[in-house]
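K.L.:
Got a structure for you, written out below as structure tokens; questions coming shortly.
The values are calculated or read from the model by the stated rules, or taken from the named source; none is laboratory data. All values reported here derive from a predicted model rather than from experimental measurement. Neighbour counts are summed over all protein chains in view; Cβ atoms, including those assigned to glycine, are modelled from backbone coordinates with ideal geometry.
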Amino acid sequence: MTNRLAAETSPYLLQHAENPVDWFPWGEEAFARARIEDKPILLSIGYSSCHWCHVMAHESFEDERTAALMNANFVNIKVDREERPDVDSVYMSAVQALTGSGGWPMTVFMDTSGRPFYAGTYFPPDDGHGRPGFGRLLQFIAEKWKTARGEIFESAEKITAHLQAAANRTPGAGEPVSHETTGRAVELFGEVFDMEWGGFGTAPKFPSPSNLAFLLAVHSRLEEAEAGQSALEMVLHTLRAMATGGMYDQLGGGFARYSVDAEWVVPHFEKMLYDNAQLARVYLNAYQLTGDPGLERVVRETLGFLLAEMRDPAGAFYAALDADSEGIEGRFYVWTADELKAVVRPEDVQLVAAWFGVTTAGNFHDPHHPELTGRNVLTARADPDALAQRFGTTREDVLDRLEAARSALLAARAARVRPGLDDKVLTSWNGLALAAFAEAARVLQDGEYRAVAVELATFLRDVMWQAGRLRHTWKGGHARVDGMLEDYTYLGLGLAELFKLTGEVDWLEWARELWAVVQGQFRDDAGGYFETPANGETLLLRQKAFFDAATPSGNGSAALLGLWLARYFEREDWERAAEEVAGQVADHLLRAVTGFGTILQAIEFLDSPSRELVIVGPPERRAALESAAASRFLPWVALAPTPDADGLPMFEGREPVSDDPLAYVCENMMCLMPARTPEELLAMLS
């Protein structure tokens, strides 16, 4: 037996298609049924790789008695937060307003118009964890609906009015911002920086790639100044601590979503496309600044993970890998001492255990499965030289034996039951992946990454770009849901990186088309940009996101896209759009700097000189100049490598005069003599 979710494409919704709950997908049919049957609506929002979503599903949604209560008293709607981030954002605001915090699974009780009157996150089947049991909560609300309807409607009206007032409030008054603002932000980051383990704040710890990217940008401007050095040290310490901890997959590459502890050891095991795409770029930029081969290795292993485990045959990337396998969180990734011993050569067991931090007691303990003891999340924090001395050998021998063990462990792990794969394609997250592969192809001079980036952009143009509008999600040959602000801005920024790689102006022209839709469909006359288009579905709220979540804020990414296109197409009005976004939150930035990394990047860009680097000449002849430029971290330089001068104002007067390549370096409309050799170009860039 299946419910209505069996006709959906979302892997998360399909996970619930055989629940005894009479689920509806989000849509008018559910609201019409609620009005006809005079029932409140129970809205449940989650995503496929969410561990606690699986727990609540098993405890409650698969339980016949609980399902009977839900079906008798409510119209039940199930939403995939990744497929409908607009719906999720609206009701997450309600959960946060009512409870002071938020998360998934999200549970919201609404009237027949979609106005919330009670909300929470995970509810256990019985009273516990300081929460009411879900069955008892269902009975209580069903009774209140029958006997105290007026109170419910009054509560729903007040909550909705509060949320709408908050959504319509203009955060700031367009105050000017500058490098003085970002300089103070660096100081504030330093105040919450974990000097021992890196990262910001205490456990749980998230990687915060937008904040790390901001700090790298500050360093690129200040370099040897105290603030610039401080910014770089915070980033490098964090990157190295994450890469040697258990949040990084020491066998297969790639990062889990966050660490439950301050030391980056025990992760929340799901792997998301957006984390790995963003972190690959941060490690890449840090590599440009330092030349550290360990940072390059993390870039290649992370992108290699995406190619091996997250790529659709059509050329796009899937959304996520689950945290659970065989019903147990992390089962696929953790090892007991005996499991390691069974795989590794006997003479290497002690060495390998010391390197990966494997002990009989283990470092991962699941309170839901106390019988599973002695499990280890692999780390890589030992010193190869110390191991060489301890085991009476050389550093090279240690590294060779560890690489052999890593390959053997990876092969053995491949035989385990794999975590679930959420194989939907999201335009926004693929825009982040496009930027990662395009920039990595340029910096690392990697032809495979270049081909991946071009194929991905081609897929998005051919499949997700329909009649001048983007679609948000694709699976099984079907593109669905109106594109949201993040789809246009993340993809536009990815296309800018692809242009820097290929010099093909068509990709930048498409980014300009996307920007035109952003201006026409998402801009608020009062300032900033809405998350949803003007001609899209009408929801309870139309919100504007300024605060970064795990992904860049919609307004922050819009500001960055406007700045890039303003530089390439010489449109000062697009630059003013970024000024407007920054001004909207100027009075909030320094109160919560860790939430504004993307907008802080835009301020760095906005207050930096207008810099251009145009490289002309036949592709094979200009390769050495492009390689020299790629070796430098130049976050706000409008790079244009192209064999022709069509399509962009910045090419005027810079046509090739022969087959000899030339590099034009310009700042604030003043150009140096063109560089003809990599050495000349590097000297100018310095």
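K.L.:
Residues of region 271-318 being in contact with a helix residue (DSSP H, G or I) (Cβ under 9 Å, 6 or more places away or on another chain), surrounded by fewer than 17 Cβ atoms within 10 Å (Cβ to Cβ) and part of a helix (DSSP H, G or I), which ones?
P.N.:
Scanning region 271-318 gives Thr290, Pro293, Gly294, Arg297, Leu307.
K.L.:
For Ala32, work out the one condition from (1) closer than 27 Å to Gln543 by Cβ; (2) small (Gly, Ala, Ser); (3) touching an Asp or Glu at 6+ places or on another chain (Cβ under 9 Å); (4) surrounded by fewer than 18 Cβ atoms within 10 Å (Cβ to Cβ) it doesn't fulfil.
P.N.:
Unmet condition: (3).
K.L.:
In region 346-356, is there at least one residue being assigned to a loop (DSSP other than H, G, I, E, B) and within 28 Å of Tyr283 (Cβ to Cβ)?
P.N.:
Within region 346-356, the first condition is being assigned to a loop (DSSP other than H, G, I, E, B), and the residues that meet it are none.
Scanning region 346-356 turns up no residue that is assigned to a loop (DSSP other than H, G, I, E, B) and within 28 Å of Tyr283 (Cβ to Cβ).
K.L.:
Could you say whether any residue in region 34-44 is part of a helix (DSSP H, G or I) and among the β-branched types (Val, Ile, Thr)? Even if it seems obvious, please write down each step before you answer.
P.N.:
Let us first name the residues in region 34-44 that are part of a helix (DSSP H, G or I), namely 34-37.
After this cut, where a residue has to be among the β-branched types (Val, Ile, Thr) as well, the list is 36.
Yes, region 34-44 has at least one match.
Per-residue answers, yes or no, for (1) free of Cβ contacts under 8 Å to residues at least 40 places away in the same chain; (2) among the aromatic types (Phe, Trp, Tyr); (3) touching a strand residue (DSSP E or B) at 6+ places or on another chain (Cβ under 6 Å); (4) under 19 Å from Thr302 (Cβ atoms):
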{"site": "Val377", "(1), (2), (3), (4)": "no, no, yes, yes"}
{"site": "Ala380", "(1), (2), (3), (4)": "no, no, no, yes"}
{"site": "Ala408", "(1), (2), (3), (4)": "no, no, no, no"}
{"site": "Arg416", "(1), (2), (3), (4)": "no, no, no, no"}
{"site": "Asp422", "(1), (2), (3), (4)": "no, no, yes, yes"}
{"site": "Ala440", "(1), (2), (3), (4)": "no, no, no, yes"}
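K.L.:
Among the residues that make up region 469-482, is at least one of them outside any strand (DSSP E or B) and surrounded by fewer than 21 Cβ atoms within 10 Å (Cβ to Cβ)?
P.N.:
So the first thing to find is which residues in region 469-482 are outside any strand (DSSP E or B), and the list is 476-477.
If we keep only those that are surrounded by fewer than 21 Cβ atoms within 10 Å (Cβ to Cβ) as well, we get 476-477.
Among the residues of region 469-482, at least one is outside any strand (DSSP E or B) and surrounded by fewer than 21 Cβ atoms within 10 Å (Cβ to Cβ), which makes the answer yes.
K.L.:
Taking the condition within 29 Å of the chain's Cα centre (by Cα) and modelled with pLDDT of 95 or more, does Thr121 pass? Reasoning before the result, please.
P.N.:
On the way: within 29 Å of the chain's Cα centre (by Cα): yes; modelled with pLDDT of 95 or more: no.
Spelling it out, it is not the case that Thr121 is within 29 Å of the chain's Cα centre (by Cα) and modelled with pLDDT of 95 or more.
K.L.:
Let me ask you something else. Applying the selection to region 371-381, what residues are at negative phi and crowded, with 18+ Cβ neighbours inside 10 Å?
P.N.:
From region 371-381, those at negative phi are 371-373, 375-381; that's our starting set.
Once the filter is applied, which keeps residues that are at negative phi and crowded, with 18+ Cβ neighbours inside 10 Å, region 371-381 yields Arg375, Asn376, Val377, Leu378, Thr379.
K.L.:
Going through region 191-244 one residue at a time, which ones are charged (D, E, K, R), out of contact with any His (no Cβ under 8 Å at 6 or more places or on another chain) and surrounded by 17 or more Cβ atoms within 10 Å (Cβ to Cβ)? Lay out the reasoning, then the answer.
P.N.:
Kept after step one, since they are charged (D, E, K, R), are these residues of region 191-244: 191, 194, 196, 205, 221, 223-224, 226, 233, 240.
Then drop every residue that is not out of contact with any His (no Cβ under 8 Å at 6 or more places or on another chain), which leaves 191, 194, 196, 205, 223-224, 226, 233, 240.
Those that are charged (D, E, K, R), out of contact with any His (no Cβ under 8 Å at 6 or more places or on another chain) and surrounded by 17 or more Cβ atoms within 10 Å (Cβ to Cβ): Asp194, Lys205, Arg240.
K.L.:
Then there's this: With the requirement that a residue be modelled with pLDDT of 90 or more and either closer than 14 Å to Gln601 by Cα or surrounded by fewer than 13 Cβ atoms within 10 Å (Cβ to Cβ) (or both), what does region 155-181 give you?
P.N.:
Selection gives Lys158, Ala161.
K.L.:
Where in region 143-226 are there helices (runs of 4 or more DSSP H), lying wholly inside it, with at least 3 residues that are within 30 Å of His237 (Cα to Cα)? Steps first, answer last, please.
P.N.:
Values: elements: 149-168, 179-192, 209-222.
In region 143-226, 179-192, 209-222 are the helices (runs of 4 or more DSSP H) which contain 3 or more residues that are within 30 Å of His237 (Cα to Cα).
K.L.:
Among the numbered criteria (1) in a helix (DSSP H, G or I); (2) in contact (Cβ under 8 Å) with a residue 60 or more places away in the chain; (3) in the same structural domain as Val265 (by TED's automatic domain parsing), which single criterion is violated by Leu340?
P.N.:
(3)
K.L.:
Filter region 197-224 down to the residues that are among the small types (Gly, Ala, Ser) and touching a helix residue (DSSP H, G or I) at 6+ places or on another chain (Cβ under 9 Å) and list them by number.
P.N.:
Going through region 197-224, the residues among the small types (Gly, Ala, Ser) turn out to be 198-199, 201, 203, 208, 210, 213, 217, 220.
Matches in region 197-224: Gly198, Gly199, Gly201, Ser208, Ser210, Ala213, Ala217, Ser220.
K.L.:
I'd like the residue in region 210-246 that is over 20 Å from the mean Cα position of the chain (by Cα) and β-branched (Val, Ile, Thr) and, out of all such residues, is modelled with the lowest pLDDT.
P.N.:
So the residue we want is Val218.
K.L.:
Residue pairs, Cβ under 6 Å, 6 or more apart or interchain, first in region 56-84 and assigned to a helix (DSSP H, G or I), second among the small types (Gly, Ala, Ser). List them.
P.N.:
Pairs that qualify, where the first residue is assigned to a helix (DSSP H, G or I) and the partner is among the small types (Gly, Ala, Ser), are Thr66/Ser60; Thr66/Gly135; Asn73/Ala142.
K.L.:
Further, regarding this structure: Keeping to region 549-564, report how many residues are touching a residue at least 40 places away in the same chain (Cβ under 8 Å) and surrounded by fewer than 22 Cβ atoms within 10 Å (Cβ to Cβ). Steps first, please.
P.N.:
First, the residues of region 549-564 that are touching a residue at least 40 places away in the same chain (Cβ under 8 Å): 550-564.
From what is left, the residues that are surrounded by fewer than 22 Cβ atoms within 10 Å (Cβ to Cβ) are 550.
Residues in region 549-564 being touching a residue at least 40 places away in the same chain (Cβ under 8 Å) and surrounded by fewer than 22 Cβ atoms within 10 Å (Cβ to Cβ): 1 in total.
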